[in-house]
Amino acid sequence: MPRHAPVPGKFTPACRRPVLAMAAALAAGLVAVATPAAPAAATSGDGHCEAGYVGLTYDDGPTPEYTLRLLSALRENGVRATLFNIGEKAEKNEDLVVAEKEAGMWIANHSWSHPQLTKLPEDEIESELQRTQDLLETFTGTAPVLFRPPYGNTNATVKEIAEGLGMAEILWDVDTRDWSGKSAEEIVEEAVTVQSGEIVLMHDGYAATIEAIPAIMENLRSRELCPGMISPTTGKAVEPADEAAPVSP
Ligand code: ZN
């Protein structure tokens, strides 16, 4: 998918102002003064999101080799990401899907067996998406609202079936090509070309992708961009509408 030029006025992110919210809550007597502040890296919105939000996405998990390491790195760096899970991998790794959810990630549908969906008959496309949808709902209590076709390979039929199952089809703006043996530095170099509202494609399955997270975040912070959720309505990265669970001690 080609990069697109920003559309003026199309996306104006709201910025969270937790400090002001806290001050207001204190003034209203709602919060005890002794209440400790939330850990600095606990959430993606840390009050410095003036330039907006970007969507960091990781496809093809969960993987016994990498998912827990990926989640640790994301949490340590204050990132909430969208994870496009493969159904047949999720089926074998319920604990990892639950860990993704508990780490505050948004869990999305990436088909059951990662086929070229456009080459399948409609009933098989439907089955690929529905099985994954049902499994992820069983494991997490919530049916995904986002779907990404494997290889970005889609057509009107695939899109329509996804929408019929309650999911928006989400592709990407920036492809890091982290699956092709790239170094962490090369992944960072690609990822940081992302602009407000846009989505970065990465994968759950490579050590270099995990190693790239601190430098990606350093760059985003320097540009006052925050990792956000992907809106199923607009397909753009926006301010998270829910709160992440607190970081475990
Ligand atoms: Zn994939």
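See the values below:
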| quantity | calculated |
| --- | --- |
| Filtered residues of segment 190-225 (kept if at positive phi and among the charged types (D, E, K, R)) | E224 |
| Checklist (1) modelled with pLDDT under 55; (2) closer than 28 Å to G152 by Cβ; (3) in contact with a Pro (Cβ under 8 Å, 6 or more places away or on another chain) applied to F11, failing item | (3) |
| Pick from segment 146-161, criterion in contact (Cβ under 8 Å) with a residue 24 or more places away in the chain and farther than 16 Å from T57 by Cβ, ranking: nearest to the ligand (Cβ to nearest atom) | N153 |
| Any pair with Cβ under 7 angstrom, 6 or more apart, that starts in segment 53-71 at a residue that is within 27 Å of G197 (Cβ to Cβ) and assigned to a strand (DSSP E or B) and ends at one that is more than 13 Å from the ligand (Cβ to nearest atom) and modelled with pLDDT under 95 | Y53/P13 |
| Restricting segment 142-189 to residues that are charged (D, E, K, R) and within 13 Å of H203 (Cα to Cα), the residue that is most open to solvent (accessible area, probe 1.4 Å) | R177 |
| Answer residue from segment 82-135, given it is open to solvent by 60 Å² or more (accessible area, probe 1.4 Å) and within 15 Å of the ligand (Cβ to nearest atom) and is farthest from L70 (Cα to Cα) among those | Q116 |
| Residue match in segment 224-245 (condition: open to solvent by 20 Å² or more (accessible area, probe 1.4 Å), closer than 24 Å to V98 by Cβ and touching a helix residue (DSSP H, G or I) at 6+ places or on another chain (Cβ under 8 Å)) | yes |
| Selection count, segment 64-81, where residues are closer than 21 Å to I170 by Cβ and either surrounded by fewer than 21 Cβ atoms within 10 Å (Cβ to Cβ) or within 16 Å of the ligand (Cβ to nearest atom) (or both) | 3 |
| Residues (of a type in the set (S, T, N, Q) and either in contact (Cβ under 8 Å) with a residue 60 or more places away in the chain or open to solvent by 60 Å² or more (accessible area, probe 1.4 Å) (or both)) located in segment 199-223 | T209, S222 |
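The values are calculated or read from the model by the stated rules, or taken from the named source; none is laboratory data. In this text, all values refer to a predicted model and were calculated from it rather than measured experimentally. Ideal geometry is used to build each Cβ from the backbone, glycine not excepted, and the neighbour counts take in all protein chains shown. Note: accessible area is taken over every heavy atom of the protein model, side chains too, but ligands, DNA and RNA are not part of it. Shrake-Rupley method; radii C 1.70, N 1.55, O 1.52, S 1.80 Å.
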